[in-house]
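Before any comments, here is the structure.
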Amino acid sequence: MTSTPNAAPNTDLGNEPVTVIGLGLMGRALAAAFLEAGHPTTVWNRTPGRADELLARGAVLAPSAADALRASPLIVVCLSDAAAVRDALGAHRAELAGRTLVNLTSGTSDEARELSTWTSGDYVDGAIMAIPEVIGRPEAFLLFSGAPKAFERHRDSLGRLGNATFFGEDPGLASLYDVALLGVMWGTLNAFLHGAALLGAAKVDATTFAPFANQWVGSVTGFVSAYADQIDRGAYPAEDATLETHLATMKYLVRESVAAGIDTDWPARIQALAERAINAGHVGSSYAGLIEVFRGRA
Ligand SMILES: NC(=O)c1ccc[n+]([C@@H]2O[C@H](COP(=O)([O-])OP(=O)(O)OC[C@H]3O[C@@H](n4cnc5c(N)ncnc54)[C@H](OP(=O)(O)O)[C@@H]3O)[C@@H](O)[C@H]2O)c1
């Protein structure tokens, strides 16, 4: 089956019509979730041939990006980056007047703010904290910020994609949360991969290590809540362990890595950060005292 433009969307389903621009891995999942929820869904992608499955499920393929914008009051765009959004929609910006552009493309907070003044309609920026497979399910969560009235108007539709949270009118805030949360993910995954390499050198499989890593990550979530409170109060009493105690144990991680013949970059960085906080006077602080290093004050 090839993607050929078809007739106007069926709007008698009671849900607002939605347009999805960009049918990559994520865009296809977004369009599928709207279809599943009964939204008349118009789609468009730069390269033809990506809409076939969606068309079989009732989507309408617009013959051009301009037609796609004209088809719905809510336009969801999910492309590689902000430059791609400008590329795809730049020539048709006038069509956005009176519509809401929800940009689920990853980018920086400044890019989101620039796009909010670039578009001629209402602008809501969004971040998808999920993989395509879980879009439309409650475990998917999406973060939004930008035009408050436009978000409210389309809240129900956007909620079809997953759990939706709105952070207010700064269009950059969703992107800022996005990179901060991705940093949490990368930090956690790097720690897991390093641990898997260390135990792998002792012939322990990653699948054997994984349940213990997961259990420990669960405990760490408790530390996150306790330290968040300390960070907000600007006081880091060592109610559990001092940074000095942490540092001593970090050195074991470095030594074990050297002994196992694996890369020491990750544990050495962790140790160096703790040493900087201690040199700045946080020897007796809780682990939360490291915030001063990240804030550039130590
Ligand atoms: N995949 C995930 O798990 C995930 C999770 C969270 C957030 N995201 C974000 O979602 C966005 C899309 O990711 P993806 O995984 O769907 O990527 P992808 O599969 O590589 O799809 C990229 C899409 O961008 C389009 N595109 C790129 N440059 C373009 C241009 N100049 N003009 C028009 N269209 C252009 C591509 O069109 P063509 O088909 O014509 O190349 C394609 O539709 C990214 O910002 C990503 O960070 C993805």
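Can you tell me how many residues in the range 75-112 are over 17 Å from the mean Cα position of the chain (by Cα), open to solvent by 50 Å² or more (accessible area, probe 1.4 Å) and under 19 Å from residue 176 (Cα atoms)?
1
Against the definition (of a type outside the set (Val, Ile, Thr), farther than 20 Å from residue 269 by Cβ and surrounded by 12 or more Cβ atoms within 10 Å (Cβ to Cβ)), how does residue 196 come out, yes or no? Break it down stepwise before answering.
Details: of a type outside the set (Val, Ile, Thr): yes; farther than 20 Å from residue 269 by Cβ: no; surrounded by 12 or more Cβ atoms within 10 Å (Cβ to Cβ): yes.
So residue 196 fails the test.
Find the residue count for the range 27-37, including only residues that are open to solvent by 10 Å² or more (accessible area, probe 1.4 Å) and within 12 Å of the ligand (Cβ to nearest atom).
Selection size over the range 27-37: 2.
For the range 82-102, give me each residue that is within 16 Å of the ligand (Cβ to nearest atom), over 16 Å from residue 126 (Cβ atoms) and small (Gly, Ala, Ser).
83, 88, 90, 91
Could you tell me which numbered condition residue 227 fails, if it satisfies all but one of (1) open to solvent by 80 Å² or more (accessible area, probe 1.4 Å); (2) away from the ligand (no atom under 16 Å from the Cβ); (3) more than 22 Å from residue 262 (Cβ to Cβ)?
(1)
Among the residues of the range 38-61, is any in contact with a strand residue (DSSP E or B) (Cβ under 6 Å, 6 or more places away or on another chain) and more than 16 Å from the ligand (Cβ to nearest atom)?
Yes: one or more hits.
Can you name the number of the only condition in (1) touching a residue at least 40 places away in the same chain (Cβ under 8 Å); (2) not in a helix (DSSP H, G or I); (3) not aromatic (Phe, Trp, Tyr) that residue 298 fails?
(1)
The values are calculated or read from the model by the stated rules, or taken from the named source; none is laboratory data. Note that this is a predicted model, so its numbers are computed, not measured. Positions of Cβ are generated from backbone atoms using ideal geometry, with glycine treated the same way; all protein chains shown enter the neighbour counts. Just the protein is used for accessible areas: all its heavy atoms, side chains included, with ligands, DNA and RNA removed. Shrake-Rupley method; radii C 1.70, N 1.55, O 1.52, S 1.80 Å.
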